[in-house]
Each structure stands twice: as C-alpha cells, then as structure tokens.
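Here's the structure, in structure tokens; my notes come after.
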Amino acid sequence: MLPATFKLCAGISYRHTRNMTGKVLFQESSFLKCLELVCHYLLRFMCIYLSFFILQSGLRKNAMIAIHQELNKLSGPGPSAWINHIRRRSSLLSSRIAEETYSEAEQCYVQQGQEALQKSISILSDQDGWQTEIENANGDKVMSKVLPDIGKVFKLEVMLEQKTDYLYEELVDNMEQMGEWNPNVKQVKVLQKIGQDTMITHEVSGETPGNVVGPRDFVSVRCAKRRGSTCFLAGMSTQHPGMPEQKGFVRAENGPTCIVMRPSGEDPNKTKFTWLLSLDLKGWIPKTVINRVLSQTQVDFANHLRHRMASNGGVEAAIA
C-alpha cells in the first residue's frame, strides 16, 4: 500500500505542477517548493495509513471517514493553499526574471514608480493631522497637512457613481485623452511604457482663471497597480531624455501623488475615490494662492470626471 500511496502523492503533485509556467517552475526555489509539496502530501497519507492499523476495529469506521475527508481535500475542484502559494511564488519569480531584461534606466524608472506608490500609501494610511480645506454639500472633501520632508499635501475624498474598473480604464488606459475633458490639463502624452505597470508621461497644465498660475509642464513616472479590488495610480517627477525643459513652460515637480480607487462597501457599483496631491509649481507664487488653486483643482477634477463618465455611459447606451 505504501508504494501505491507514494504514486498517488506524486501523481497529484504532478497534475498541479504540470500546469505551471515552465521557465519559472524549474528555477531552484520553485523546484524546492514542489519537492516540499510532494513531501507534504506523502506525510499526510502515511499518517492516515498508519493510524488506520493502529486504531481498533471499533474506531476503524471513524478512520475511514477521516481518510475520505483527506482525499476530498486533495481531489477537490479548487487548488489547495499550497498550490496557490507555489503559484504566487512562481509569479513573483516571473516578474523578477522580467525585471532582469530591463535596462538600467528602465529599472530606475520602475523603482521610482514603486517608491512613489509606497510613500503615498504611507501618507494616506496616517489619518492624523489632516485639516479640512473644502467640504461640499455632496460629500466631496479636500483636506491637507504639512509633512516635514515633502511640504503641504492635499487629499481629495469623493464617492463616484461608477464602477472601479470603468474609472481605472478612463484614468489609466485612456490617460492621453484627459485633455479632452479636464480643462485643467492641456495635454498628456505617454513618452515610454515599461512592462505593464510603469510609464513615463509628459503633462501640460491648462490655463488658470486670470492666468494666476502661468503655463506649467511635468515629466512624471507613473505606477499603476491592482491589489484585489483596489486600484492605484501613483507618480512622482522624473527626468526623461525625450522631454527636456520646454521653452515657454516652467518645469514644475510633483510627488508623491496617488489616486486610490476601491468599490464602495455599501454598493459595489460605486467607487470610493481618493487623490493624494503634492505639487511644487516653482516660480514666485504666494503659498496662499497655491493652496487655493490646488484644493480647487481637486474639486474641479472630481466634477469633470463625473461628467466624463456620465457622457461615456450615454455613448455606450446609444451604441448598445
């Protein structure tokens, strides 16, 4: 019976490991994980096998029930936690192998994007010290606080009547179309894409009322991530050989900045939308003017985005 048990363990392990990505699976760490998986199944069957003969005949029925339950766990339709663990490890190895194909400059951009994301999450996780700048009747709120190493940052919190996936598509996949619906942005151009998560962009700001703030442009590295149902779009200023400083524009700096979108806990068709904004507009602009412009820019953005999504919904309904 023991040889048959070993064959069964090996067969179960082989069925799962055969479906994994070949190149990553045969990395050393993945091989060790697979070996660990085989040993895990083998030990479980051996324990059941030995307990079967140790138990007296009166308890043998219970032992058979236990064996049946163990077999159901191993042959169930869904992968076990061990399989999921190995798949996660394999996916991580795949991403690391992909990173090795990046040039030194590309790796630097990827690291900058991840740094912007981590800093943003850290700032947003700290709920202390925020002061209200604007609070509208519809619940839209802009808050701010001063950080020692960054300066003043602003946080917009709104609830949008759209699914998170639709908003992510508009703000990430259709990023270059932002100038069509947001008057505060004249142009967004993707200069370079690195993998699936990182891109370098050039943004030109729109005119402000009364031209209080002159024309600015930004070169940013952006990191787009999904963690479960939550979507992130983080960024910070960078430099790119394809976009040196432009004549007639002041090269401003941003970051860390981050948009966080997650489905509402009460209604999955709605999205809790948070936007962390940190800008250095450069030039000789009074701080009071900057604070007023930035906080109002965030409120305006939420309204423009609502109108854009409502317009898209009407177009989709007409096409359908």
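Read-outs throughout are calculated quantities, based only on the coordinates presented, and are distinct from any laboratory measurement. Since we're looking at a predicted model, the values are computed, not measured. All Cβ positions, glycine included, derive from the backbone under ideal geometry; neighbour counts span all protein chains shown.
Return the sequence-ordered ³J(HN,Hα) values of the stretch 247-262 in whole Hz as given by the Karplus equation 6.51 cos²θ - 1.76 cosθ + 1.60 applied to θ = phi - 60°, using x for Gly and Pro.
5, x, 10, 8, 6, 8, 10, 9, x, x, 10, 6, 9, 10, 10, 9
In a shell of Cβ-Cβ distance under 15 Å around residue 230, excluding residue 230 itself, what net charge do Lys and Arg (+1) and Asp and Glu (-1) give?
So the surrounding residues net to +4.
Ranked highest first by the average count of other Cβ atoms within 10 Å around their residues, in what order do 157-163, 171-177 fall?
Ranking the peptides 157-163, 171-177 by packing returns 157-163, 171-177.
May I ask for the distance between the Cα centers of the stretch 190-244 and the stretch 248-282, given as a whole number of Å?
11
So for the stretch 104-319, Kirkwood radius off the Cα pairs, Stokes-Einstein at 25 °C and 0.890 mPa s: how many µm² s⁻¹?
The diffusion coefficient I find is 138 µm²/s.
Under 11 Å from the Cβ of residue 213, count the other residues' Cβ atoms, weight Lys and Arg +1, Asp and Glu -1, and hand me the total.
Net charge around residue 213: +2.
Return, ordered by residue number, the residues of the stretch 240-255 whose backbone nitrogen is under 20 Å from a label point located 7 Å along Cα→Cβ of residue 204.
Only 240-254 fall inside the zone, counting backbone N under 20 Å.
For the stretch 104-319, give me the percentage of DSSP beta bridges that are antiparallel, rounded to the nearest 5 percent.
95
Would you mind ranking 278, 237 so that the residue whose beta carbon has the fewest other beta carbons within 10 Å leads the list?
Lowest count first: 237, 278.
Exceeding 26 Å between C-alpha atoms, which entries from my cross-link table qualify? They are 225/282; 119/141; 186/287.
Long pairs (Cα-Cα over 26 Å): 225/282.
Using the Kirkwood formula on the Cα atoms of the stretch 215-289, what hydrodynamic radius do you get, in angstrom to one decimal?
Here the Kirkwood hydrodynamic radius works out to 14.5 Å.
Quick one: 3J(HN,Hα) in Hz for the stretch 114-123, Karplus 6.51/-1.76/1.60 with θ = phi - 60°, rounded, Gly and Pro as x.
In residue order, the calculated couplings are 5, 5, 4, 5, 5, 5, 5, 4, 4, 5 Hz.
Check which residues have an amide H placed less than 5 Å from residue 187's amide H, if you skip close sequence neighbours.
204
Distances longer than 15 Å among the Cα atoms of the stretch 261-304: what percent of all pairs is that?
Pairs farther apart than 15 Å: 57 percent.
Can you list the residues, at least 5 places off or on another chain, whose amide H is less than 5 Å from the amide H of residue 192, using H built in the peptide plane?
Residues meeting the amide H criterion: 200.
Quickly rank 130-141, 185-196, 109-120 as a protection proxy: mean count of other C-beta atoms within 10 Å, highest first.
Taking the mean over residues of other Cβ atoms within 10 Å, the ranking is 109-120, 185-196, 130-141.
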